[in-house]
2 protein chains.
Amino acid sequence: MSRLIKIYDTTLRDGTQGEGVSFSMEDKVRLATRLDAFGIHYIEGGWPGSNPKDLRFFRRMQDVTLKHARLAAFSMTRRAGGPAATDPNMLALIESGAPVATIVGKAWDFHVTHALETTLAENLAMIADSIAWLRPRMEEVLFDAEHFFDGFRANPQYALETLKAAAAAGAHWLVLCDTNGGTLPHDVAAVVREVRRHVATPLGIHVHNDAECAVASSLAAVLEGVEQVQGTLNGFGERCGNANLVSIVPSLVLKLGLDCVPAANLGELRDLSRFVAELANRKPWASQPYVGDSAFAHKGGMHVSAVLKHPETYEHVRPEAVGNHRRVLVSELAGKSNILWKAREYGIDLDQSTPETRRILDRLKTLEDEGFLFEGAEASFELLMERALGRHRPFFALDAYRVIVEEQGADGEPVAEATVRVRVKGMLEHTAASGNGPVNALDHALRKGLEEFYPSLKELRLLDYKVRILDESKGTAAKTRVLITSGDGRETWGTVGVADNIIEASWQALVDSVEYKLRADERRGVAG
Amino acid sequence: MSRLIKIYDTTLRDGTQGEGVSFSMEDKVRLATRLDAFGIHYIEGGWPGSNPKDLRFFRRMQDVTLKHARLAAFSMTRRAGGPAATDPNMLALIESGAPVATIVGKAWDFHVTHALETTLAENLAMIADSIAWLRPRMEEVLFDAEHFFDGFRANPQYALETLKAAAAAGAHWLVLCDTNGGTLPHDVAAVVREVRRHVATPLGIHVHNDAECAVASSLAAVLEGVEQVQGTLNGFGERCGNANLVSIVPSLVLKLGLDCVPAANLGELRDLSRFVAELANRKPWASQPYVGDSAFAHKGGMHVSAVLKHPETYEHVRPEAVGNHRRVLVSELAGKSNILWKAREYGIDLDQSTPETRRILDRLKTLEDEGFLFEGAEASFELLMERALGRHRPFFALDAYRVIVEEQGADGEPVAEATVRVRVKGMLEHTAASGNGPVNALDHALRKGLEEFYPSLKELRLLDYKVRILDESKGTAAKTRVLITSGDGRETWGTVGVADNIIEASWQALVDSVEYKLRADERRGVAG
């Protein structure tokens, strides 16, 4: 049995410190569920004491059962001079209902005196009091020693004292943080080695990527005996980001042979990385190690024939091991087996050799060239398969739409109005509606035309609406991809639209969402 | 005097193996000149034997005087079975006129027998013959030991034999390559240590980033005594890229205190990184260590006041040391000190106690509650300050706009048309235009109305257009934030708009961009 390394994900807290990264509450719940399924050990959900939005997330999570992971709530220590028992941060941790508390405290004397502006002794008391008060009230308590490496360089004795104070107060873990991200891996290793001579509590490592060494520093710490690695998916985080778990986890499992996330789950790694990029509305990093589009891309010629005969000649791991695939950069082959697998998932029976498979693959290839992406848009993918197979029975047909937005005067409120003409069950319905914006107006007008025929559409809710500009350098003339998540209280589904025109892209995704809802009702036997 | 580490840049060869990276010959000349001025020791220009374009580059470089760097030409060893003296690759090296030749040869027995398909002995002869033939004909000869680390793992004795063959034939340098990029830094260090026990020739290191450890592996090799580091600017390169010199060089100089590129030149690092991104037509990597826009970006009030008093509390190096600068992100957590800092940056003089500061803070708070975010929208922030101070003189005033999108039939193409009425210099301009989508149409109509009065607007380009839905759970009724990046060839700036209606949000960002351009022209004294 090899050594177990626990993974502590802080995408939902530290990751959102990254410029432009933010998640809605529903995004956070979806991501926590995915992290749990992947086999992450700890999920840090936020800082309930600093932020009412984070507290609402923890309340919401009380209704969600995690199979594997433990949810952690983050906080500073109690404030200087006041008792832990009445400190709002401490109380918020209890209120969060999370089983794990992570308490961050200063480990660098200079920070204590010059940023916190208190005494070294009071800082030790703040650490000890907070942990001692939480210890009987939480299942597990972690101490994050902020700026530990800078602190150790400046005053090793004091830095160690902060760890000892936390350990004596009952902390289950001591996490050494390289908060400024500038410590190089050999220094991280040397400090961890020294720390282990002084404390027996299990250690964790939490580093930032300011010297482009965060992954290596995390691995170096593990090699020195650290048992927990903290980081974020795709390395999201403040400044240059946190240690990237998407690179660390496969290296721990596949290269160092350590027990961590189950090796079988690594096949989900690429999907997980894509999923969080999509939620954060970040374009995937093409050359991202292990999971990027280019990570196993080979250019033509001799090189390619070598790699096809003996993949190990030019590939450091099997791409399939991390859910990625080999690409040959001349003509790309869409993964037939992927399609078959997806089709099966949707209850569509395809035989590998049929012309139908070919037709779906061709259609898919065309759409992908146009910028379609079906990650997170499973409902559109299902409709695509049905359409390619000629099995699709449309519930309505568009005749025309028009949307007008106008504003009068500099301080006037803009007005949006849409008209829609659709054919439903042999009737021509012509409706008009206004809305908050052009897409909202179209949504209203379309429903007006359809609800009379399909009353179950009243249950349809658009839960999420995301816009991504493809090829952003074309400015306002660029292609637009719209991703809509919908729900009806029974299930939720995603649809996608792509067009030069954002209204048209939104319309496509909207229509797919309505089609999917009606199709799902039909399968469930709801009267239409 | 500290140890000298030489930098070998292969952006022009290995860097161009990156997906989508290519340089024109003139780009290559410009880049070589910049690398030389920066203090790089070796510039690998290409593989003259494989590629007539590369050979033309070397010919062109014969007219360029490098002050500091030496130009290197790359090649495989002579072919199996033939003599070096008539091998086209060898002859092309001589023809290149470059003073340095870099010869790559196989160091992994498996590659010799299974990819090269020759004998282990012949491979040694190919290495030795090529180097021995070149040695009297070039000023310097390097041996790149391909797949050295994988080879050493498989057959350490044979891998060492390839190095000894090169050394005996007179190679000035032996470069250990982690061609597949999967070796972790502690293994790189251990192998380098072992190699140094067997060979006395100076060593170089050349690694790829497939495990996100290329920078750390390069530094680990230096700490074990390697004297040359090979890599590319921004880490451009095949698959996950090469070791990133933009991170390695400052760590060698500022953190390890080694002699390398002159410390004073590091102030050019950010510009150099931007320059190559620009040439490669790649969007800069915002969170890039040392040089990215986010690398020294700080959020949050308390945090900001600490970093202003004592930068070392949250910065691992001085941003100016690498030509970067501190940024204060004006966001939800904005405190007074953020605003004052920003104002100073824009040359707006605010005294902390004036009612103007209060007015700006109040205005900012209101806008942020509405969902505005000024990260990346400095131009809108500057206009906001001017407006709050009553100093803003608008260049035009909106009277009305209207935009129509319509589509006829299910397969019809949607059509977008906009009309705009603006007052400019006492005139009422009423224009109409079409576009790819509603925002593009508005953009065209607005410019039509203004360009006659402000001809410099012809220079204005919208470089980037980003849409973010705020509170996505409200579906199509959610608030929209639009971020536009614009440029005019002299500078680039960001503007933001927020509204329920995506058209209105885009319109706000568009108007701010135009206002900013006209204001900047005025400051520069361009006739308007």
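The values are calculated or read from the model by the stated rules, or taken from the named source; none is laboratory data. These numbers were taken from a predicted model, which means no experiment stands behind them. Neighbour counts run over all protein chains shown; Cβ positions are idealised from the backbone, glycine included. Areas reflect the complete protein model, heavy atoms only, side chains present, ligands, DNA and RNA absent. Shrake-Rupley method; radii C 1.70, N 1.55, O 1.52, S 1.80 Å.
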Self-check item: Spatially proximal aspartates and glutamates relative to B:K53 (Cα-Cα < 12 Å; intrachain offsets below 8 disregarded)
Solution: B:E26
Quiz item: On the accessible surface of chain B, probed at 1.4 Å, how many percent belong to carbon and sulfur atoms?
Solution: 50 percent
Practice problem: Report which residues of the range A:171-191 become buried by 50 Å² or more of accessible surface when going from the isolated chain to the complete set of protein chains (1.4 Å probe; DNA, RNA and ligands ignored). | Solution: A:N180, A:L184
Quiz item: Sorted from largest down, what three extents in whole angstroms do the Cα atoms of chain A have along their principal axes?
Solution: 82, 64, 47
Quiz item: In degrees from 0 to 90, rounded to the nearest 10, what is the angle of the helix A:438-450 Cα long axis to the longest principal axis of chain A?
Solution: 50 degrees
Self-check item: Residue-by-residue Karplus 3J(HN,Hα) for the range A:138-155, coefficients 6.51, -1.76, 1.60, Hz, glycine and proline x
Solution: 10, 6, 8, 10, 10, 10, 8, 8, 5, 6, 4, 6, 5, x, 5, 5, 7, 8
Practice problem: Take every DSSP beta bridge whose two residues both sit in the protein assembly as shown, then give the antiparallel share in percent to the nearest 5. | Solution: 50 percent
Quiz item: Taking amide H positions as placed 1.01 Å from N in the peptide plane, with prolines and chain starts having none, which residues 5 or more places from B:R327, or on another chain, fall under 5 Å of its amide H?
Solution: B:F296, B:A297, B:H298
Practice problem: Give me the accessible area buried between chains A and B, both sides summed, with a 1.4 Å probe, in Å² rounded to the nearest 100. | Solution: 8400 Å²
Quiz item: If you add up the charges near B:I404, with Lys and Arg at +1 and Asp and Glu at -1, over every other residue whose beta carbon is less than 12 angstrom from its beta carbon, what do you get?
Solution: -3
Quiz item: Considering only the label points, 7 Å along Cα→Cβ from Cα, what distances in nm to one decimal separate B:R79 from the same position in each other copy, shortest first?
Solution: 8.0
Practice problem: Could you give the size of the charge dipole of the protein assembly as shown about its Cα centre, using +1 on the Cβ of each K and R and -1 on the Cβ of each D and E, expressed in debye and rounded to the nearest 20? | Solution: 580 debye
Quiz item: Using 7 Å Cα-to-Cβ label points, what is the A:D63/A:S434 separation (nm, one decimal)?
Solution: 3.4 nm
Exercise. Show that you can apply the helix-only estimate: for the protein assembly as shown, add -39,500 (n - 2.57) for every DSSP H stretch of four or more residues, divide by all residues, and state [θ] at 222 nm to the nearest 500.
Key: -11000 deg cm²/dmol
Practice problem: Can you tell me the 0 to 90 degree angle between the C-alpha axis of helix B:52-61 and the longest principal axis of chain B, rounded to 10? | Solution: 80 degrees
Quiz item: To one decimal in nm, how far is B:E139 from the same spot in the other copies, if labels go 7 Å from Cα toward Cβ? Please give the shortest first.
Solution: 6.7
Exercise. Starting from the Cα gyration tensor of the protein assembly as shown, multiply each eigenvalue by 5, take the square root, and state the resulting semi-axes largest first in whole Å.
Key: 47, 37, 32
Practice problem: Could you calculate, for the range A:402-528, the ratio of the Cα radius of gyration to the Kirkwood radius, expressed as Rg to Rh? | Solution: 1.01
Quiz prompt | Exceeding the 22 Å Cα-Cα cut-off - candidates A:K6/B:K299; B:K425/B:K458; A:K255/B:K283 | solution = A:K6/B:K299; A:K255/B:K283
Quiz item: the range A:14-90: which trypsin sites (Lys or Arg not before Pro) are DSSP loop and have at most 15 other beta-carbon atoms within 10 angstrom?
Solution: A:K67
Quiz item: Residues with amide H under 5 Å of B:D293's amide H, sequence separation 5 or more or different chain, H placed in the peptide plane at 1.01 Å from N; which?
Solution: B:Q288
Quiz prompt | chain A, relative contact order in percent, only Cα pairs under 8 angstrom and at least six apart counted | solution = 9 percent
Quiz prompt | Options A:N436, A:I404, A:F453, ranked by Cα towards positive dipole end of the range A:396-453, top entry (Cβ charges) | solution = A:F453
Quiz item: How do A:E515, A:E522 stack up against each other in accessible area, from largest to smallest, with a 1.4 angstrom probe?
Solution: A:E522, A:E515
Practice problem: Pop the C-beta distance of B:S305 and A:E452 into the FRET formula with R0 = 41 Å and round what comes out to the nearest 0.05. | Solution: 0.10
Quiz item: What does the accessible area per residue of chain A come to in Å², with a 1.4 Å probe and no ligands, DNA or RNA counted?
Solution: 38 Å²
Quiz item: Out of A:V195, A:I360, A:N242, whose Cα points farthest toward the positive end of the dipole of chain A (charges: +1 Lys, Arg; -1 Asp, Glu; placed on Cβ)?
Solution: A:I360
Self-check item: Cα-centred dipole magnitude for the range A:382-495, charges only on beta-carbon of K, R (+1) and D, E (-1), debye, nearest 20
Solution: 600 debye
Quiz item: Mind checking the dipole of chain B: about its Cα centre, +1 per Lys or Arg Cβ, -1 per Asp or Glu Cβ, Debye to the nearest 20?
Solution: 1240 debye
Quiz item: Where does helix B:120-134 land angle-wise versus the long Cα axis of chain B, in degrees 0 to 90, nearest 10?
Solution: 80 degrees
Quiz item: Using θ = phi - 60° and the Karplus form 6.51 cos²θ - 1.76 cosθ + 1.60, what ³J(HN,Hα) does each residue of the range A:222-239 get, whole Hz, x for Gly and Pro?
Solution: 4, 5, 8, x, 5, 10, 9, 10, 9, x, 10, 5, 6, x, 4, x, 4, 6
Practice problem: For A:D144, enumerate residues with amide H under 5 Å from its amide H, sequence gap 5+ or separate chain, H modeled in the peptide plane. | Solution: A:I103, A:V104, A:G105, A:V175
Quiz item: Taking the label point 7 Å from Cα in the Cβ direction, how far apart in nm is A:L4 from each other copy of itself, listed shortest first?
Solution: 5.5
